[in-house]
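The values are calculated or read from the model by the stated rules, or taken from the named source; none is laboratory data. A quick note: this is a predicted structure, and the numbers were derived from the prediction, not measured. Cβ: placed from backbone, ideal geometry, glycine included. Neighbour counts: every protein chain shown. Protein only, heavy atoms only, side chains kept; ligands, DNA and RNA dropped before computing areas. Shrake-Rupley method; radii C 1.70, N 1.55, O 1.52, S 1.80 Å.
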Amino acid sequence: MKRWGVVLMLWGQAVLAACPALLNHTVPGLMGGQINLCQYADRPLLVVNTASHCGFTPQFTQLESLYKQYGPRGLMVVGFPSNDFLQELDSNSEIGAFCQANYGVTFPMAGKGHVRGSDAQPVFKDLIAATDDAPMWNFHKYLVLPGAGKVISIGTRTKPDAPEVVNAFLPYLQPETQAAAKP
């Protein structure tokens, strides 16, 4: 019995060691639970700071479309609502209801928090350090490539489905199956 305990402990340490420091964060989910970013270490991850009442809020449509189209092949999208630019609703439940009712958001959303400055969530501090680029407005995006060896900062004005964004993560996706490729 002791031997299995040692094996399990070593296996757990190996799994933890496989998580890049940049993704070694667990954040509260918007509607409860936790989002462990380590689980996305082997795939492209698009991290977006969001807000419900911003001129760029319609980007939720493109984010959801990307998630539905490329999620089955490995792309992960995670939204991080923030009121750093004074355009977010007060509570997580209001944000969740707004995103679902207006944009049908199904990708994971973290609980509301800060994305810049000394109060920034640790994951955003790490993303900023990795790119030397802090969000200057809502809907700033970070594309974290598998293994977190490369992070691409994408400005607010660049739409999530812009060719330069899609072309950056496409090589890291699983191949399409023949069934998925048929019309």
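Here is how the numbers come out for the structure above:
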item	result
Subset of region 124-146 [open to solvent by 40 Å² or more (accessible area, probe 1.4 Å), in contact (Cβ under 8 Å) with a residue 60 or more places away in the chain and not charged (D, E, K, R)]	ALA130, TRP137, PRO146
Among (1) assigned to a loop (DSSP other than H, G, I, E, B); (2) touching a strand residue (DSSP E or B) at 6+ places or on another chain (Cβ under 7 Å); (3) open to solvent by 30 Å² or more (accessible area, probe 1.4 Å) - the single one VAL115 does not satisfy	(3)
Failed criterion for ALA101 (all others in (1) touching a strand residue (DSSP E or B) at 6+ places or on another chain (Cβ under 6 Å); (2) part of a helix (DSSP H, G or I); (3) of a type outside the set (Phe, Trp, Tyr) hold)	(1)
Verdict on GLY104 being at pLDDT 95 or above, open to solvent by 20 Å² or more (accessible area, probe 1.4 Å) and of a type in the set (Gly, Ala, Ser)	yes
Verdict on GLY111 being closer than 25 Å to LEU145 by Cβ and modelled with pLDDT of 95 or more	no
Meets criteria (in contact with a Gly (Cβ under 7 Å, 6 or more places away or on another chain), crowded, with 16+ Cβ neighbours inside 10 Å, at pLDDT 95 or above and not acidic (Asp, Glu)) for ALA41	yes
